[in-house]
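Worksheet for the structure shown next.
What follows is calculated from the coordinates using simple rules that are stated; it is not laboratory data. Here the structure is a predicted model, which is why all the values come from computation and not from measurement. When we count neighbours, we look across all protein chains shown, and the Cβ atoms used for this are built from the backbone with ideal geometry, even at glycine.
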Amino acid sequence: MTEETAATDSPPPETRLQAADLIRDEARRAPDKPGVYRMYGEDGTCLYVGKARSIKKRILQYAQGRFHTQRIGLMVSLTRSMELVVTASETEALLLESNFIKKLKPRFNVVLRDDKSFAELMIRRDHRAPQVRKHRGAHTIKGDYFGPFASTWAVNRTLTTLQKAFLLRSCSDSVYETRTRPCMLHQIKRCSAPCTGLISLEDYEGLVDEAEAFLRGKSRAVIARLSAEMQTASDDMDFEQAARVRDRIRALSAISMENSVSAEGVAEADVFALHSDGGQACVQVFFYRGGQNWGGRAYFPRVDKADTDPEILAAFLGQFYEDKPVP
C-alpha cells in the first residue's frame, strides 16, 4: 500500500472514533487468554488476522492507539466488526493464524503467495525390495522421506545419482512382479534387477541401507567403503567389478561436491534471508539436509511499506511451516 493510497482511504475522524469504540468494547469482552482475532471491514471483508498471548491486551492496544503506524491506524479505522477464537496455547494460535491468513488473504497481513509443495525422495518400506521414487504431498505411504528439494531438476538429478550409485529399482510394484528378464535400466547400470533375482534380497537391502546413509549425510563413510570394495576387487584381478564400483564412486563424488555445505556446522536446517524495500520483499530459503545443500527457492510475499523485517519474517515463517515439517 502506497502513502497516496493510505491518504485516499483514510476515513473521517468521527469514523475513526467509532472504530476505536467498537474495538474497545471487544476488548472488554475478550478473555485474557491466547488466541486469534479477525478484523472485518464494512463489506464483511477480512482486513487482518492476528494472534496474541492475551487477546484482551492486544485488542486494547488497538483501541488505545499504541504502536500505531499509518497502516495500522488505517486498518483500525476501517474495522466494523471482530471475531475472536480462544486457543489452548500460543503455538495453537500461531497455527490457526497461518490457516486463516492463507484462507482469507487479509489486506493488511503479510501473505505468502507461493504455497506449492516441495518435491522429496521416498524409499518405500512396504515392499520386500524397497523402491526409490519422487514424492509430493502428505506422507501417507510407509517409507523414509528425504527432502525438500528446491526444484524438480534437483530431485531428478539426485534420483539419477541414487540409481547409478546404489542400483535401486524405481519401477512400480506391478512391473516388478511381472518381469521375467532385466529391464533397460539394468542394461545401462542403473538397477541391480532384484525383480529377476540377479541380486539377493539381502544384498539389495544392503544397497538400500547405503543409499539412506548417503541421504542422511554420511557420504564420506559410504564412499570410503566403496573405495575399499574397489581396491579388493582390483587386488583379486576382478577389474570389471572394480570398474563398476569406480563408476558408483564417481556418481556419488560428483553430487557430494555440488551439494557440499560451506557453512561449517550446518547439517539439518532451513536458512532464511530477507530483503525488503519500499513495500516489496524477497525471502530466500536454502535447504540443508544431512550436511548437504539441496538447493533454495525465492519467495515474494505480499507486504506493506510499514511492515518491519521482523514482522515480515515472523508472518512468513508461520505460513511457510503450516504444512511443512521443521528440520
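Summary table below
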read-out: Rounded to the nearest 20 debye, dipole of the chain from Cβ charges on Lys, Arg, Asp, Glu; value: 420
read-out: Mean Cβ neighbour count within 10 Å, used as a protection proxy, ranking 209-215, 193-199, 123-129 highest first; value: 209-215, 193-199, 123-129
read-out: Leading residue at positive end of dipole, the chain (Cβ point charges), from S234, A254, Y176; value: Y176
read-out: C-alpha long axis of helix 90-104 to longest principal axis of the chain, angle in °; value: 80
read-out: Förster radius 51 Å - calculated FRET efficiency between E202 and R29, Cβ distance, rounded to 0.05; value: 0.15
read-out: Between 0 and 90°, nearest 10: helix 239-258 axis offset from the chain longest Cα axis; value: 10
read-out: Calculated [θ] (222 nm, deg cm²/dmol) that DSSP helices of n ≥ 4 give over the chain, each run adding -39,500 (n - 2.57); value: -14000 deg cm²/dmol
read-out: Label selected from (1) 27.4, 94; (2) 19.3, 61; (3) 25.0, 117, the criterion being Rg and Dmax of the Cα atoms in Å as computed here; value: (1)
read-out: Extended-chain gain in nm, criterion 0.36 nm per residue less alpha-carbon gap, R136 and S170; value: 10.7 nm
read-out: Where labels lie 7 Å past Cα in the beta-carbon direction, separation of W153 and E92 in nm; value: 4.5
read-out: Potential extension, E240-E177 segment - 0.36 nm per residue separation minus Cα distance; value: 19.7 nm
read-out: Relative contact order %, the chain, counting alpha carbon pairs below 8 Å whose residues are six or more apart; value: 16
